Amino acid sequence: MERLNVFIDKEKIDKLFNEEKYKNCMEKKYFEYVVSNGKIDYIDKYLKDSKNRKIIESLVFKNKVVTIIDRLSVRLEDKRYIGELENSGIDDIEISKELIDNYHNQILTKGIFSLIKLEENMDKKYQYYVKEIEVLEDMNISLEEYKEVFSEKIRKKIYLETDEEKEEEKEEISGIDLVLNTIGISTKELTFWEKILFLVRLIPLCESNYNLMELGGNGIGKTKTYSMFSPECEIVQEMLTTELIYNRQSKIKGLLDTKDVIVFDEINKIKLDGDKEKIVPQLLNFMSEGQTTAPRKVISKTSLVFSGNVMGIEERIEKKEKNVFDFPHKLEDNAFLDRIHFFLPAWGLRRYSKKIHGLEASKEVFRFDYFSKVLSLFRNEDYSDIIDKKRYIIEGNGQSEREVKAVRKTVSGLIKLTHPDKDIDALTLEAYIAIAIKGRGLVNKFLNNKNKNNVNKIDIRVKKRKDVFTEYEEEVPVNESLKELISINHSEQLNKYFPEYEEDAYTKITSTKEKVKYNFSSNFSKKKLVMNKIFLNKKNYPNRQIVVFNNEENKGELVFIKFALDKVGISRNKREKKVIKEVYKSEADLIKDDRILIFVTDKKFSIPSLSYKFEKEEDNKLVELNYLYDDEELNYDQLFGDDTLDENEFTGTSLEMGTRKFEADLSNIYAIDKEKKLKCEDGDYIIPKFLYSRELNKYYYEDSKGFGPDKKISEKMTYVEFKYFLANNGFIELN
């Protein structure tokens, strides 16, 4: 297949675009097109005077014609096609019929960025005339060609036979990294969840009639991302019938009729009063059915994004508060929330930083203008049928129709972005289903908080038929697939360190004579058997990999080594950083890249061999990995408000049964002043001792000085209830 000219050297283009000569000379996506097609001289020749109306008018007057670079849009007026230039504002240009015939749809709806030959017109009504243009943006894009070049680009492994008959592996970029690098986000420092959240943000651009809500702090690129996709995407800060549906006075179509995506920015600040409130029923109908009825019937595929800088949502979820926003809002009632397909928890993203998001990305990425138009074309495709073709069944109860629809649309969007050729493996597909369920599940958390009797609790089951010839269905644990996908995503970081530990432990328990014997090729499998004897188990979790060491031939002392990768949970939460410092002190080395913490299960057990130093090639630093005790591990509040991904079955001393460790003594975790007094309801002051009931999985306190039947003991509380009890009484400080 002939290689399409759709890739650019991003580093080279960025460097050129930041030169003073070309800085902000035009939209970057058009600059990429001009440079990659060898037309950079156009900028020097024609762009200089293209934005100045007076100079353009003077040049046409003197020379009868001038060549400029601008976006040309066309409208039909008095049975003539009349053009308008975006930068100069000139809007009395008669357009030739031949030009309209060549670019009819594009030039009438979105306009065309082009090299324009602007001539003097003999007709006095319209001062200028355009007969020909040279297009400076991507046109006539083929989805089939895109699928081919995408698949070729992300081919992950190529094996080459050498003379020594060794396999040489060449790593290529992943689909997620290619997409995010294309929109300017380096994935080098991102966690798996950060990648997924950035990816979900793009779903409205490739999935029709998709309703996304994204709330979080500022500085995380919510509006910046969508502004890049103009003119297909429009950002608004008001909800007006005339702007969204139809303006009777000017007879101009609304944004729902002309745009792929509408982003309602600062949704929490939009006021809906008086006439503005009339838009709400129409908006709700459009979110559900894809059409409006008044003031004009509009049927379209426009996707909607509701974005806002709203703080404290995590706490509201934990405390089961009713309101999404800081104050009651029309756009948080049941009818509105139930139409949201995915609630994107933007509080899981770090603020934009060149040190994180601006690091070196893949050298070769898609040209952005090309990529944005590909996403627009995908809106006419439905990839949810892949779920059915692979025999998966997503079902809920009789009242879960919207939930199932939301999950299918999210999965469809994710596949379009990362597997456009539809060649997706079962593990990734199941993980995407789990992600979609979590995004919709966050919506349902607020629905349930608003109405305790709400039947809309997330109730989705995923099954799979064994084959096409049988009706037998088996439950699919999609959460386990998601765990596995996350661990694979982190495996490169984990694998830097684990082999060193493995080899070190093998060396320490094996005699020199045996090592020599085991290292011969014929006995190589014996070495593996010895290692398997040392390491009872390895199990991957979303934010850590757990390696269970079997010390001294399994005489009962198990050591758990946990490689923690929860960068978001550790680095962006100030309270957690403070807690880690206070609890772990100098025992934990929080590595910038990998956040490695090591835990052991028995405080009496000493393993000096596992305090090991590794030299990191990139910075030549020695990183010492010390071990901590298992019952000192922090529990992190979860991104989607649930703990299904972080259930840790391997924190007890029995591998078969498994026990879950909890923060039994919160005074250690939150550095509580153990001499601080608590005022009880009867007015008495006590020094509380905080305890945990394993049977009930609840927390409580008792009077540390009291005794006998009159000893004060509190009611049992959940972890969240107890945490806020401590905060409200001044024992701990939350963010």
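With a ≥ b ≥ c the root eigenvalues of the C-alpha gyration tensor of the stretch 170-274, is it rounded (a/c under 1.5), prolate (a/b larger than b/c) or oblate?
Because a/c hits 1.5 or more and a/b exceeds b/c, the stretch 170-274 counts as prolate.
At a threshold of 8 angstrom on Cα-Cα distance, excluding pairs fewer than six apart, so keeping six or more, what relative contact order does the stretch 24-95 reach in percent?
Normalised by residue count, the contact order of the stretch 24-95 is 21 percent.
Students often check this: by mean Cβ neighbours within 10 Å, which of 376-386, 707-717 ranks highest, and how do the rest follow?
Numbers: 376-386: 16.8, 707-717: 11.1.
Final packing ranking: 376-386, 707-717.
Sorting check: for 443-451, 232-240, which peptide has the highest mean count of neighbouring beta carbons within 10 Å, and how do the rest follow?
443-451, 232-240
Glu94's amide H: which non-local residues (gap 5+, or another chain) put their own amide H closer than 5 Å, with H modeled 1.01 Å from N in plane and none for Pro or chain starts?
Those qualifying (amide H under 5 Å, at least 5 residues apart or on another chain) are Gly83, Tyr128, Tyr129, Val130.
Going by average Cβ density within 10 Å per residue, which order do the peptides 198-210, 94-106 take, highest to lowest?
Ranking the peptides 198-210, 94-106 by packing returns 198-210, 94-106.
Would you mind working out the magnitude of the charge dipole of the stretch 174-361 relative to its Cα centre, with +1 at each Lys and Arg C-beta and -1 at each Asp and Glu C-beta, to the nearest 20 Debye?
260 debye
How big is the Kirkwood radius of the stretch 174-361, worked out from every pair of different alpha carbons and given in Å to one decimal?
Working: mean 1/r = 0.0573 Å⁻¹.
Taking the inverse mean of 1/r over all distinct Cα pairs, the stretch 174-361 comes out at 17.4 Å.
Between rounded, prolate and oblate, where does the stretch 1-126 land on the alpha carbon gyration tensor, with a ≥ b ≥ c its root eigenvalues, rounded for a/c under 1.5, else prolate if a/b exceeds b/c?
Note, shape of the stretch 1-126 comes out oblate.
With +1 on each Lys and Arg Cβ and -1 on each Asp and Glu Cβ, how big is the dipole of the stretch 40-135 about its Cα centre, in debye rounded to the nearest 20?
Roughly 160 debye for the stretch 40-135.
Pairs of Cα atoms under 8 Å, at least six residues apart: use those to get the relative contact order of the stretch 36-160, whole percent. Numbers along the way, then the final one.
Working: 183 pairs, mean separation 26.1, N = 125.
So the answer I get is 21 percent.
Which pairs, out of Lys153/Lys363; Lys64/Lys124; Lys390/Lys463; Lys271/Lys320; Lys48/Lys117, put more than 18 Å between their alpha-carbon atoms?
Lys271/Lys320
Could you list, in their original order, any pairs among Lys188/Lys416; Lys330/Lys354; Lys23/Lys251; Lys464/Lys698; Lys110/Lys147; Lys45/Lys131 whose Cα atoms are separated by more than 28 Å?
Check vs 28 Å cut-off fails for Lys330/Lys354; Lys23/Lys251; Lys464/Lys698.
Bear in mind these aren't lab numbers, they're just calculated from the coordinates by the rules spelled out. The shown structure was predicted, so the numbers you read here are calculated from the model rather than taken from an experiment. Backbone-built Cβ (ideal geometry, glycine too); neighbour counts: all protein chains shown.
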